[in-house]
Amino acid sequence: MLELFDLDALVARYPEDAAIAALKPLVRAAISMFSVVNDLKRASEMVTACKALSRSIKATFVKGKAPRRDEAATVQALFGQAMLLYTRATHSRSEGRNKLQITAHLDPAQRAVHDRITDLRDRYLAHFGDATGWEEHRAVLALDIAEQKMALSYPHSSTYIQVAEAVDLEQALNVAWPIAQAQSAKVSTKLNLTINALFETHPDFVEQLRQACFEPASFFDADEIQPYLDSVGALDPDAPTTPRIGGVRPGQPRPPGAAR
């Protein structure tokens, strides 16, 4: 019978056991790398969706119809979120997880692409800094001396997406994906070997594990449990699930007040 155990809960339950406590940084590293892989996967999905919508907008424009603002905003939102996920995985430091140490694996051209993306994130997407090429703002004084009238206005222009940056991001994701997968496999293997050693050094290790059971029903929605169980031990342990959007799934009743 398959039994499932929560390794974080195991470490928390036996803090005085040095061998079990030594699992803590390995568990963090394994979770971090799998989370990084998932960030890159989602970013790639968003780039694919962004390209599809961009092609649709271009086809409409060729027919003489101007792009709708909501379509342009969606393109920018997909691009911006994909970039934030990429930089969160490879650039941003966090106490919650380790980042992908990617720069040592990049050749000069790839490093230049990576640096352009992280620079755009730092100076425009995450902070209001140098928005050159993306936004321009002015403060204009309108003055009519004869009529003794004066008014202020604040004209601005903004670009929803730029092709060069979109190409950079797609290239960077294609490079980062195999690096992240390799790093994830490496730390997971190390964790696996360390756990195997505990079976040799701790005669009661199985009983200790049974004090930290993992219950899929407490973590997954009902339709996700079996795909997860089927994925255990698979080469790609990322089981397919239905995306959660505001906690509502297709076919579920919409909560009161939910947006339509």
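Below are the figures for this structure:
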item: Selection from Ala109, Ala151, Leu26 lying farthest towards where the dipole of the chain points positive, charges on Cβ; result: Ala151
item: Calculated from backbone phi, Karplus (6.51, -1.76, 1.60) coupling profile of the range 48-62 in Hz, x at Gly/Pro; result: 4, 5, 4, 5, 5, 5, 4, 5, 5, 5, 4, 4, 5, 5, 4
item: Protein accessible area in the range 1-141, 1.4 Å probe - carbon and sulfur %; result: 56
item: Helix axis angle, 222-231 relative to the chain longest principal axis, alpha carbon, degrees; result: 60
item: Heavy-atom accessible area per residue - the range 170-236, 1.4 Å, Å²; result: 64
item: Per residue accessible area of the range 117-169, 1.4 Å probe, in Å²; result: 72
item: Summed side-chain charge close to Thr90 - residues other than Thr90 whose Cβ falls under 15 Å, Lys, Arg +1, Asp, Glu -1; result: +3
item: The range 1-53: GluC sites (Glu not before Pro) in DSSP coil with no more than 10 other Cβ atoms inside 10 Å; result: Glu3, Glu16
item: Selection of trypsin sites (Lys or Arg not before Pro), the range 90-198, meeting DSSP coil and at most 12 other Cβ within 10 Å; result: Arg93, Arg138
item: Carbon and sulfur %, accessible surface of the range 146-198 computed with the full protein complex present, 1.4 Å; result: 57
item: Calculated over the chain: convex hull of Cα atoms, volume per residue (Å³); result: 235
item: Computed magnitude of the charge dipole of the range 79-186 (debye, nearest 20; Cβ of K, R +1, Cβ of D, E -1); result: 560
item: Charge dipole (the chain, unit charges on Cβ, about Cα centre) - positive-most of Thr189, Cys213, Ala77; result: Ala77
item: Electrostatic dipole magnitude of the chain [Cβ: Lys, Arg +1; Asp, Glu -1; Cα centre; debye, to 20]; result: 1000
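The values are calculated or read from the model by the stated rules, or taken from the named source; none is laboratory data. Remember, it's a predicted structure, so these values are computed and weren't measured experimentally. A quick note on method: Cβ atoms are made from the backbone with ideal geometry, for glycine too, and the neighbour counts reach across all protein chains shown. What goes into the accessible areas is simple: the full protein's heavy atoms, side chains included, and nothing from ligands, DNA or RNA. Shrake-Rupley method; radii C 1.70, N 1.55, O 1.52, S 1.80 Å.
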